[in-house]
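*Asks:* Starting off with a structure, shown below.
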Amino acid sequence: MRYPGKRFEEYVVVYDISDDKERAKVDKVLKKYGFRVQKSVFECKLTTALKRQLIEQLRELKIQTGFIKIYLLTDIVDAKTMGNPPPSIDDKDAFII
């Protein structure tokens, strides 16, 4: 599924949550919007509407044992990848829902 005319921006979502149940809920939400690059780091391509939806779903979890941060990647033209990263969300049939 493509989104013609929609503007996507790259985000990194990081979290540090000590409770296993809370962490599992965060993982479940984030897997709908992007892909894991480390245990507590996800990369997401989001439209403005998808970003709002993601933030609302994360807020509804009412995390008590840690935090979640969402960073906009503003200078990805200069981003470098080294080593053997996992396939990008663009490298396979994956969709942001």
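The values are calculated or read from the model by the stated rules, or taken from the named source; none is laboratory data. Source: prediction; values computed, not measured. Please note: Cβ atoms are built from the backbone with ideal geometry, for glycine as well, and neighbour counts cover all protein chains shown.
*Asks:* Could you list, in sequence order, the residues of segment 8-23 that are within 10 Å of the chain's Cα centre (by Cα) and free of Cβ contacts under 8 Å to residues at least 40 places away in the same chain?
*Replies:* Those that are within 10 Å of the chain's Cα centre (by Cα) and free of Cβ contacts under 8 Å to residues at least 40 places away in the same chain: none in segment 8-23.
*Asks:* Something else now. Tell me which residues, restricted to segment 24-58, are farther than 13 Å from LYS69 by Cα, surrounded by 14 or more Cβ atoms within 10 Å (Cβ to Cβ) and free of Cβ contacts under 8 Å to residues at least 40 places away in the same chain.
*Replies:* Passing the criteria: LYS25, ASP27, VAL29, GLN53, GLN57.
*Asks:* Still on this structure, I have one more. Would you say LYS39 is at pLDDT 95 or above and charged (D, E, K, R)?
*Replies:* Spelling it out, it is not the case that LYS39 is at pLDDT 95 or above and charged (D, E, K, R).
*Asks:* Among what's in segment 59-76 and is β-branched (Val, Ile, Thr) and without any contact (Cβ under 8 Å) to a residue 60 or more places away in the chain, pick the residue that is farthest from ILE17 (Cα to Cα).
*Replies:* Going through the qualifying residues, I end up with THR74.
*Asks:* So, one more: Output the number of residues of segment 46-97 satisfying the condition of being in a helix (DSSP H, G or I) and modelled with pLDDT under 90.
*Replies:* Summing the residues that are in a helix (DSSP H, G or I) and modelled with pLDDT under 90 in segment 46-97 gives 6.
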